Amino acid sequence: MKFHGNIKESLLLATIDKQNSQVLNEKLERSLMVLWFESGTNEVLIDDEAYNFVKNQVVFLTEFHQIEVKSIEKVRFLRFNRPFYCILDNDSEIGCKGILFYGATRLPFIQIPEEELEKFETLWKMFTIEMESNDSLQTDMLQTMLKRYLILCTRLYKTQAHYPKEKLNSDIIREFNFLVEEHYKTKHTVAEYADLLHKSPKTISNVFAKMGSITPLQYIQERKILEARRLLRHTDMQIQEVAYDIGYDNIQAFSRFFKKQEGVSPSEFKGIS
């Protein structure tokens, strides 16, 4: 089921399997995707890393993720673009910026617990019913359904990822995540992001430590290496161009960084003999 508005708003709700999984590779500018694995075991390559998703796991993707389906059974697929609903402009409504989207170097996904499943099932049913309506309130209703869906997912993710219960610390983490997404090509130290957040580097490190997460510096490095891998594997850019794109003027420094992170040189990763 597809919804298209008057100002290029787009919303797609579908159930996909191996036969129609090509929809995952259709590019829609400024779009976000949510996959709810409804049954079985599912093997998907995302940015060249293999993931096995089980029943009632939900994963959150952007248009920049590189997806290759190896094996899937039944997946509920939701995709919307920025004209339909912008999570950045409406962050106060949902609070998923830097959590589900725009800021997770490690793929964000949740497991819907049994006690929460009825909420998700009911909301999905309401979503599909509203997709079939055709009146002046349809856009508002669909946006409301989407907001509710993302709020449920955000709450679960924060619980399952052990986000700090204190709102201030939780906000520091997600704002840090989002800022890294915006500036990882030009800012490479924790101190630079601490300045943007008006916090000390030690404060940020302590908040991440309470979460039992990787360090802030590791987070920055993982975002840079993710982009390097995408560009090396999925574009025709030369290694020097990739190095420059993620903030390295010196190809030797980039090569040392890449090999330390990945265990192979950029040329080996790209498959250059």
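Values quoted throughout were computed directly from the atomic coordinates according to the rules given, and no laboratory measurement underlies them. Because the structure is a prediction, the values reported are computed rather than measured. Reconstructed Cβ throughout: ideal geometry from the backbone, glycine too, with neighbour counts over all protein chains shown.
Some observations on this one:
- Length gained when the stretch LEU107-GLU26 is fully extended (0.36 nm per residue, less Cα-Cα span): 27.2 nm
- Note on the chain: helix-only mean residue ellipticity at 222 nm, from DSSP H runs of 4+ residues weighted -39500 (n - 2.57) and normalised by residue number, equals -14000 deg cm²/dmol.
- Prolate/oblate/rounded call for the stretch 168-270, Cα gyration tensor, a/c under 1.5 rounded: prolate
- For the listed peptides 76-87, 253-264, a ranking on the average number of other beta carbons within 10 Å per residue, highest first, reads 76-87, 253-264.
- Within-15-Å neighbourhood charge of LYS185 [Cβ basis; K, R +1; D, E -1]: -3
- Highest mean first, the peptides 199-210, 117-128 sorted by other C-beta atoms within 10 Å per residue fall in the order 199-210, 117-128.
- Gyration tensor (alpha-carbon) shape descriptor, the stretch 211-253, a/c threshold 1.5: oblate
- Taking a ≥ b ≥ c as the square roots of the eigenvalues of the Cα gyration tensor, the stretch 1-139 is classed as rounded, since a/c falls below 1.5.
- Full extension of the segment from THR189 to LEU137, taken as 0.36 nm per residue of separation minus the current Cα-Cα distance, would add 14.0 nm.
- Between the helical axis of 117-131 and the longest alpha-carbon principal axis of the chain there is an angle of about 70 degrees.
- Helix 251-262 axis, angle to the chain major axis (alpha carbon atoms, nearest 10°): 60 degrees
- Inter-probe distance in nm under a simple model that places probes 7 Å from Cα toward Cβ, at ARG148 and LEU196: 3.5 nm
- For the stretch 168-270, the number of Lys pairs with C-alpha atoms closer than 30 Å, counting only pairs eight or more positions apart or on separate chains, is 29.
- Between the helical axis of 201-211 and the longest alpha-carbon principal axis of the chain there is an angle of about 50 degrees.
- Extension gain for LEU168-LEU117 works out to 15.4 nm (0.36 nm per residue, less the C-alpha to C-alpha distance).
- Amide H to amide H, with H built 1.01 Å from N, SER39 comes under 5 Å of ASN56, LYS74, counting only residues 5 or more places away or on other chains.
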